């Protein structure tokens, strides 16, 4: 199979009801509107879903008000930011992706690299607000920053925010939900959702 089933198989039926199951997806639907909060690879799925939603029948029925991407899992062949000097973790993430999606495009497959040739424009992202949360010590941090920067410059008609958590690594809040940084992150996330 060329693409991971998670991205494309069954995404339409999945959103026809409230979902709290597959790979940590948390989607709340009420009267045709939803907010979507995702961690890591779920943020990647939310990105692809919001791009596909704009031009499909389901997009007429469901309006995504906001997406929160918590430590988004985007990648690419050519290193950026900390990836340049952290060769061990760069290699680890490269290998994970090649295991998950052994395509001819490798780490520049549009499923993992939203800025590679053939990727749809972020301008067509079907949501009104988007929050990107990154962690200072996360190898994926610079990809999350890049996503935010490209989204803001894309011509997308929504509002984007970015939050960086100092001194923390990928999904730290799962391992230490009571630490001050986790509480700060949860407050920022709650504020974002409540303003939707």
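In the set (1) within 18 Å of residue 127 (Cβ to Cβ); (2) at pLDDT 90 or above, the condition left unmet by residue 84 is number (1). In the set (1) surrounded by fewer than 17 Cβ atoms within 10 Å (Cβ to Cβ); (2) more than 17 Å from the chain's Cα centre (by Cα); (3) under 29 Å from residue 53 (Cβ atoms); (4) in contact (Cβ under 8 Å) with a residue 60 or more places away in the chain, residue 81 fails one condition alone, (3).
Criterion applied to 171, 100, 132 was being within 24 Å of residue 84 (Cα to Cα) and either buried (at least 20 other Cβ atoms within 10 Å of the Cβ) or without any contact (Cβ under 8 Å) to a residue 40 or more places away in the chain (or both), and the one residue passing it is 132.
Across the stretch 147-162, a minimum of one residue is classified as under 21 Å from residue 66 (Cα atoms) and touching a residue at least 60 places away in the same chain (Cβ under 8 Å).
In this structure, residue 167 qualifies as more than 13 Å from residue 72 (Cβ to Cβ), touching a strand residue (DSSP E or B) at 6+ places or on another chain (Cβ under 9 Å) and modelled with pLDDT of 95 or more. When residue 157 is tested against (1) more than 17 Å from the chain's Cα centre (by Cα); (2) part of a strand (DSSP E or B), exactly one condition is not met: (2). When the test is whether a residue is surrounded by fewer than 16 Cβ atoms within 10 Å (Cβ to Cβ) and either part of a helix (DSSP H, G or I) or at pLDDT below 95 (or both), residue 110 does not pass it. In this structure, residue 153 does not satisfy being touching a strand residue (DSSP E or B) at 6+ places or on another chain (Cβ under 7 Å) and within 30 Å of residue 58 (Cβ to Cβ). Filtered by the rule that a residue be closer than 13 Å to residue 165 by Cβ and in contact (Cβ under 8 Å) with a residue 40 or more places away in the chain, the stretch 135-146 gives 135, 138, 140, 141, 144, 145. Scanning the stretch 52-81 for residues that are assigned to a helix (DSSP H, G or I) and modelled with pLDDT of 90 or more yields one hit, 81. Identify all residues within the stretch 113-139 that are part of a loop (DSSP other than H, G, I, E, B), under 25 Å from residue 65 (Cβ atoms) and in contact with a strand residue (DSSP E or B) (Cβ under 9 Å, 6 or more places away or on another chain); write none if there are none. Correct list: 125, 126.
The values are calculated or read from the model by the stated rules, or taken from the named source; none is laboratory data. Keep in mind that this is a model prediction, so the values were computed, not measured. Every residue, glycine as well, gets a Cβ built from its backbone with ideal geometry; the counts of neighbours run over all protein chains shown.
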